[in-house]
1. Which lysines, if any, have their Cα less than 28 Å from the Cα of Lys35, not counting same-chain residues under 8 positions apart?
2. With labels modelled as points extended 7 Å from the Cα through the Cβ direction, what inter-label distance (nm, one decimal) is found for Thr2 paired with Gln22?
3. Sorted from fewest to most neighbouring beta carbons within 10 Å, what does the list Tyr144, Tyr154 look like?
4. Output wanted: per-residue J couplings in Hz (rounded whole) for segment 12-19, from phi through Karplus 6.51 cos²θ - 1.76 cosθ + 1.60, θ = phi - 60°, x for Gly and Pro.
5. Enumerate the calculated ³J(HN,Hα) couplings along segment 89-96 in order (Karplus 6.51 cos²θ - 1.76 cosθ + 1.60, θ = phi - 60°), each rounded to whole Hz, writing x wherever the residue is Gly or Pro.
6. So what are the radius of gyration and Dmax for the Cα set of the chain, in Å?
7. Rank Pro93, Pro112, Pro73 by mean-square fluctuation in a GNM of the chain with C-alpha springs under 10 angstrom and give only the top-ranked residue.
8. For the chain, modelled as a GNM with alpha-carbon contacts under 10 angstrom, which of Ala142, Ala87, Ala64 fluctuates the most?
Amino acid sequence: MTRTELETPHGRCLIIDLGDPQIASLPAAEQVLAKALGEIRQRELVAGRTALRELLGTREAILADDRGAPVLPAGFVGSISHKGSRAAAIVAPAGLGHIGIDLELAVAPRQPIGRRILTADEQRTIGDDGRAVTLHFAIKEAIYKAVDPIVRRYVGFTEVSLVVGPPGECSVTVVDRSALPVTIEAWWTELEGHWVATARARRR
């Protein structure tokens, strides 16, 4: 297993690569979850839950809520993401807002997703920069994981608009505050060929 720890503004982050994750390494209740999934999702669940438990310092099972998010022990909030054989997890004390994380390859997307995920302002700013498109995707994915426990609905990619600065800097504007009554902050970095993005959301 390889592992990288990060301290972010939104919590402690751990990125791991288990190589060949095994269901047998999970607590019994998580094994039940994993066995109901396909092979790829099984590997993702093993890696993601392993990272979360290491951050939390627990051997207890981490199950999922009705929207598929991990249910952390009382007093904590957290999130997980997967990309290939890697998984990223983030954990923070509860009370400051909900958090999200996303892990993406720092390359141009395979499909032309810009018009689907970018606002008009973002499209004008980014132009044909494919890596910037993927970075925006990663940040928005982290945002939506942070927002979901608050609004409990699908949130479209163009419901927020980003102005992305140097590593660590990103301002977030909610396009329609009546439809999305939250305040959001986001952070990002590039690590070992991947974008790592985190976010925190609070109800307005």
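1. Result set, ordered by chain and number: Lys83, Lys145.
2. Placing both labels 7 Å beyond Cα along the Cβ direction yields 2.2 nm.
3. Least crowded to most crowded, the residues run Tyr154, Tyr144.
4. Going residue by residue, I get 7, 10, 10, 10, 10, 10, 7, x Hz, with x marking Gly and Pro.
5. Each residue of segment 89-96 in turn: 10, 9, 9, 8, x, 5, x, 9 Hz.
6. 16.6, 50
7. Pro112
8. Checking each option, the largest mean-square fluctuation is seen for Ala64.
Computed from the coordinates by the stated procedures, all read-outs in this text should not be read as laboratory data. Fair warning: this is a prediction, and the values are worked out from it, not measured in the lab. Every residue, glycine as well, gets a Cβ built from its backbone with ideal geometry; the counts of neighbours run over all protein chains shown.
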